[in-house]
Amino acid sequence: MKRILLSLALGVAAFTTQAQAPLTPTMGWSSWNNYRIHIDHDIICKQADAMVESGMKDVGYQFVNIDDGYFGGRMEDGTLFCDSTKFPHGMKAVADHIHKHGLKAGIYSEAGANTCGSIWDNDKKGIGVGLWNHEQMDCDLFFNLWGYDFLKVDWCGGKTQALDEEIRYSEIIEHVRATRKGIIFNICRWEFPGTWAIPIADSWRISGDIGPTFKSISHIIEKNAYLAAYAGPGHYNDMDMLQIGRGMSKIEDEAHFTMWCMMASPLMAGNDLDAMSEETRVILTNEEVIAINQDKAGIQAERVKNENGVQLWVKPLGDRMSRTRAVAVFNTNENSVNYTIDWNKVGLKGDIKARDLWKHEDLADNIKSVEVPGHGVVVLKVSADGIVIPEVYEAEYGFVNGLKKKDWGTVKSDGNASGKMKVVNIGKYADNWIEFPHVYVAKNGNYDLTISIETVEGMTLTINGELIKDISSLRKDGTLKVDLKKGFNKIRINHSAQTFSLDYIKVK
Ligand code: GLA
């Protein structure tokens, strides 16, 4: 009874301070990359101290997250306890230390019974300490008794137990949400989990574990390239913890940081903050680049050009049709290139004003090209007089509802497709649709809509929630005549009888 009362009292206190979860990507530090399971009280507290002293807190870093390795085991009644050699003052003491700095504290668990550390790091104490059969008990402990504000839930045990990830994560998240409001929840499932995760989780991993190499960084960028439709305020594709200051060159570290910011990933530093070089500190605290990541619109950059290993990425700032955009040129080659920016592809026209966010300097008006070092990036904040209203919407940037369900809509490369990518296997099932949620037109009116599919018979088209009944009669000269309203329109396409591939849609 006493324990219940205590947990209620703490719960109320927590409620008042932790009511609102931030809607921009989470920023902080996590213990895994640098320490794996070899963490302890002093290490974590020192990281919190360093987050303040380094100026990281001032530029937005907030969370100090304990990853795998703190577990001690479970008592007979199931109560979880920590490793008392590593954490002699208990886990609440660590959270208290973090909170004293005005920071937030993160903790880690596992969807199944056994942690990843118990498998990959031979951590025997990681056996039986996952959330399996202890969901509510552990939530009370983490959030009400210990006072943590963030939970990452891993999947090694869940995978071994062959659990259904949607069902399992959904029930865990229900316990978390019922225990305390405002907890940031991260799904650690090593690939995009499925569209079910979007309304219930704050972020989800989209790849296997990161390493401190340019190859690993490029691999994760590629994995995330066509997941932009699933990110938005309060829910983000997590590209994994940062490897800044852990062995790559300065140029590579800057490219890594830039792309995580462009792609609206959570920014969790993974280096030892207490012993970082000035160079690393300067990269991690570049406020102009961080501002791109923390833009309130929460839009993930799209790659609008990808030729000869040089990629052009665009992230609209403020809103999707904004005249202010972050533009990154990412050079995956070893040699530097002089790159001419295609402003039409960026979607901007008229007078162009650009600022280089690593050099911290304004560039000459109407800049045409930039010099990009090998494995490096140039990132600009650009403002223009006008925008180019898009006509083509690539299917690979559409919202594929069944993405990741077996045999349902999947993004696939195709040399003949307009963006060299298309979506295959859409249709046949009611939920296996593709949607273009931001088809923009400047005026109300009747427009030509081209949909790059062959068989119209059986196709279902929904515009702004309204099902267009007679598609065949709308089709004239290969296009459909449809009414669109000024601003953003939602166009959803499906087929009741068969699966189909889609390359793009076009609105004129
Ligand atoms: C998995 C996760 C990592 C880390 C370890 C801990 O590999 O992907 O981020 O949490 O488990 O064991």
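The values are calculated or read from the model by the stated rules, or taken from the named source; none is laboratory data. Keep in mind that what you see is a predicted model, and the values were worked out from it rather than measured. Glycine gets a Cβ as well: all are built from the backbone with ideal geometry, and neighbour counts include every protein chain shown. We work out accessible area using only protein heavy atoms, side chains counted, and drop any ligands, DNA or RNA first. Shrake-Rupley method; radii C 1.70, N 1.55, O 1.52, S 1.80 Å.
Taking residue 168 as the residue in question, decide whether it is out of contact with any Asp or Glu (no Cβ under 7 Å at 6 or more places or on another chain) and either more than 21 Å from residue 75 (Cα to Cα) or away from the ligand (no atom under 12 Å from the Cβ) (or both).
Against the criterion (out of contact with any Asp or Glu (no Cβ under 7 Å at 6 or more places or on another chain) and either more than 21 Å from residue 75 (Cα to Cα) or away from the ligand (no atom under 12 Å from the Cβ) (or both)), residue 168 qualifies.
Results for (1) part of a loop (DSSP other than H, G, I, E, B); (2) of a type outside the set (Gly, Ala, Ser); (3) open to solvent by 10 Å² or more (accessible area, probe 1.4 Å), shown as yes or no for each residue.
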position	(1), (2), (3)
229	no, no, yes
244	yes, yes, no
247	yes, no, yes
251	no, yes, yes
258	no, yes, no
261	no, yes, no
271	yes, yes, no
274	no, yes, yes
291	no, no, yes
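Collect the residues in segment 179-201 that are out of contact with any Leu (no Cβ under 9 Å at 6 or more places or on another chain), open to solvent by 10 Å² or more (accessible area, probe 1.4 Å) and away from the ligand (no atom under 16 Å from the Cβ), keeping them in residue-number order.
Within segment 179-201, 179, 181, 182, 196, 198, 199, 200 meet the criteria.
Can you tell me which residue among 411, 378 is open to solvent by less than 30 Å² (accessible area, probe 1.4 Å) and either touching a Phe, Trp or Tyr at 6+ places or on another chain (Cβ under 7 Å) or in a strand (DSSP E or B) (or both)?
378
Pull out all pairs, ordered by first then second residue, where Cβ-Cβ is under 9 Å, the residues are six or more apart or on different chains, the first lies in segment 348-362 and is open to solvent by 70 Å² or more (accessible area, probe 1.4 Å), and the second is part of a loop (DSSP other than H, G, I, E, B) and acidic (Asp, Glu).
From residues that are open to solvent by 70 Å² or more (accessible area, probe 1.4 Å), the pairs are 351/365; 353/365.
Evaluate the following for residue 114: is it over 24 Å from residue 62 (Cβ atoms) and more than 27 Å from the chain's Cα centre (by Cα)?
no
List the strands (runs of 3 or more DSSP E) that sit entirely inside segment 424-508 and contain at least 1 residues that are surrounded by 20 or more Cβ atoms within 10 Å (Cβ to Cβ).
Here the list reads 434-441, 445-451, 459-463, 479-484, 487-495, 499-502, 504-507.
Just to verify a result, which residue in segment 202-237, among those that are closer than 18 Å to residue 106 by Cβ and within 11 Å of the chain's Cα centre (by Cα), is nearest to the ligand (Cβ to nearest atom)?
205
Would you mind stating whether residue 60 is under 28 Å from the mean Cα position of the chain (by Cα) and either under 21 Å from residue 275 (Cβ atoms) or crowded, with 23+ Cβ neighbours inside 10 Å (or both)?
So residue 60 does not fit the description; no.
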